[in-house]
Amino acid sequence: MDIAIGIFLIAMVPVRHWLARHEIKLSLHHLAIAGAIIGYLTGIVVSTGPLSVPVFLFYGLTKGAFLATEAASSLGLYLSKSATFQHFGALIPEVALRGLIAGASLMFGAFIAKRFVLQLKPDVFRLVMDGIMLAAGLSMLWNAVHAG
């Protein structure tokens, strides 16, 4: 799965540039479809968090709007996953505590990053996100190749 997500993230960088050059953006309808697909995939392969990044960028979100939408999306996704795992007895207190600690750390990091992100010009923000997607994709490919 890491190989597929890694290739997807790397491929989305030139796709984003092509869409921007042709002034093509996703609609809310497209966001709903992408969200359903990403939610389904997350349900069967544990974590697909990076997949929403290009979707939100293709929609045209930048800076604070991107961060806020990504945060709200992640919160909804992980709350529903937690409720599902709890319902089926798969969420033990130790795991829930680890998740809360990790989530709190991510929230703290987002608050720190927000100050810097809001100062970026939208084009610079998009280039930074391209770099992050490339780095994440390459990292996933590296881990997949060297984990086996």
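For every residue, the table says whether it meets (1) in contact (Cβ under 8 Å) with a residue 40 or more places away in the chain; (2) closer than 20 Å to LYS81 by Cβ; (3) out of contact with any helix residue (DSSP H, G or I) (no Cβ under 6 Å at 6 or more places or on another chain); (4) in a loop (DSSP other than H, G, I, E, B).
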site: GLY6; (1), (2), (3), (4): yes, no, no, no
site: MET12; (1), (2), (3), (4): yes, no, no, no
site: ARG16; (1), (2), (3), (4): yes, no, no, no
site: ILE24; (1), (2), (3), (4): no, no, yes, yes
site: HIS29; (1), (2), (3), (4): no, no, yes, no
site: ALA36; (1), (2), (3), (4): no, yes, yes, no
site: TYR40; (1), (2), (3), (4): no, yes, yes, no
site: LEU51; (1), (2), (3), (4): yes, yes, no, no
site: PHE56; (1), (2), (3), (4): no, yes, no, no
> Which of (1) touching a residue at least 40 places away in the same chain (Cβ under 8 Å); (2) surrounded by 14 or more Cβ atoms within 10 Å (Cβ to Cβ); (3) touching a Leu at 6+ places or on another chain (Cβ under 9 Å) is the odd one out, the single condition LEU138 does not satisfy?
Replying inline: (2)
>> Whether any residue in the stretch 75-96 is touching a residue at least 12 places away in the same chain (Cβ under 8 Å), within 30 Å of ALA20 (Cα to Cα) and either surrounded by 15 or more Cβ atoms within 10 Å (Cβ to Cβ) or under 17 Å from the mean Cα position of the chain (by Cα) (or both) is what I want to check.
In response: yes
> Going by the conditions given, is LEU61 farther than 29 Å from ALA147 by Cβ, free of Cβ contacts under 8 Å to residues at least 40 places away in the same chain, buried (at least 16 other Cβ atoms within 10 Å of the Cβ) and among the aliphatic types (A, V, I, L, M)?
Replying inline: yes
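All of the numbers you see were taken from the coordinates with simple rules; none came from a lab. Only a predicted model underlies this, so the values are computations on that prediction, with no experimental measurement involved. Methodologically, a virtual Cβ is constructed for each residue, glycine included, from the backbone with ideal geometry; neighbour enumeration extends over all protein chains shown.
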